[in-house]
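Peer 1: First the structure, which I've put down as structure tokens, then a few questions once you've had a look.
The values are calculated or read from the model by the stated rules, or taken from the named source; none is laboratory data. What you are looking at is a predicted structure, and each value in this text was computed from that prediction instead of being measured. We place every Cβ from the backbone using ideal geometry, glycine too, and count neighbours over all the protein chains shown. The protein model used for the area step is the full one, side chains on, heavy atoms only, and it has no ligands, DNA or RNA in it. Shrake-Rupley method; radii C 1.70, N 1.55, O 1.52, S 1.80 Å.
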Amino acid sequence: QVQLVESGGGLVQPGGSLRLSCAASRSIFSLYPMGWYRQAPGKQRVFVALITSDGSTTYADSVKGRFTISRDGTWDTVYLQMNNLEPEDTAVYYCSAPPGQNWGQGTQVTVSS
């Protein structure tokens, strides 16, 4: 099982930015799509963004135009750049590859003034 480790979460004010990283224990992102998901307190985990091995991206409507998913050239790290953050973005963010099958431990993002 490939291990996924998220990092980059924290506390940020509304309108601020964060960049999350997801590092895999080996270069798997050339084989599988990779997704970012989030789970707010008391709510189900939901899809945020996806990047395929050919670089195609998909976003949830709630984050379109604010979040950008990307990967590095070594196929073992994927990023989620989050701009113009809103309190509603507060959640634990998880990366998953293959999407929905293998998960990291999550990183907390809190948007609050």
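Peer 1: Provide the per residue accessible area, probe 1.4 Å, for the chain, rounded to a whole number of square angstrom.
Peer 2: 50
Peer 1: A further question on this structure: Could you check how many percent of all C-alpha pairs in the chain are farther apart than 22 Å?
Peer 2: 24
Peer 1: Here's another thing I want to ask about it. Sequence-distant or interchain residues sharing an amide H contact under 5 Å with residue 67, placed H: which?
Peer 2: Excluding prolines and chain starts, which carry no amide H, the hits are 83.
Peer 1: Quick one: putting +1 on the C-beta of Lys and Arg, -1 on the C-beta of Asp and Glu, what dipole do you get for the stretch 54-113 around its Cα centre, in Debye to the nearest 20? Present the calculation step by step, with values, prior to reporting the outcome.
Peer 2: Numbers: 3 positive and 7 negative charges, 4 e Å.
About 20 debye.
Peer 1: Pop out the ³J(HN,Hα) list for the stretch 59-76 in order, Karplus 6.51 cos²θ - 1.76 cosθ + 1.60 with θ = phi - 60°, rounded to Hz; leave Gly and Pro as x.
Peer 2: So the Karplus estimates, Gly and Pro as x, are 10, 5, 4, 5, 10, 4, x, 10, 10, 9, 9, 8, 9, 8, x, 9, 6, 10 Hz.
Peer 1: Given a Förster distance of 30 angstrom, what is the FRET efficiency for residue 66 paired with residue 44, based on the Cβ-Cβ distance and rounded to 0.05?
Peer 2: 0.90
Peer 1: Relative to the Cα centre, what is the charge dipole magnitude of the chain, using +1 at the beta carbon of each Lys and Arg, -1 at the beta carbon of each Asp and Glu, and rounding to the nearest 20 debye?
Peer 2: Once rounded to the nearest 20, the dipole reads 100 debye.
Peer 1: Quick one: with all protein chains in place, what share of the accessible area of the chain is carbon or sulfur, to the nearest percent (1.4 Å probe)? Mind dumping the intermediate values first?
Peer 2: Numbers: 2660 of 5690 Å².
Taking all protein chains in place, the chain shows 47 percent carbon and sulfur surface.
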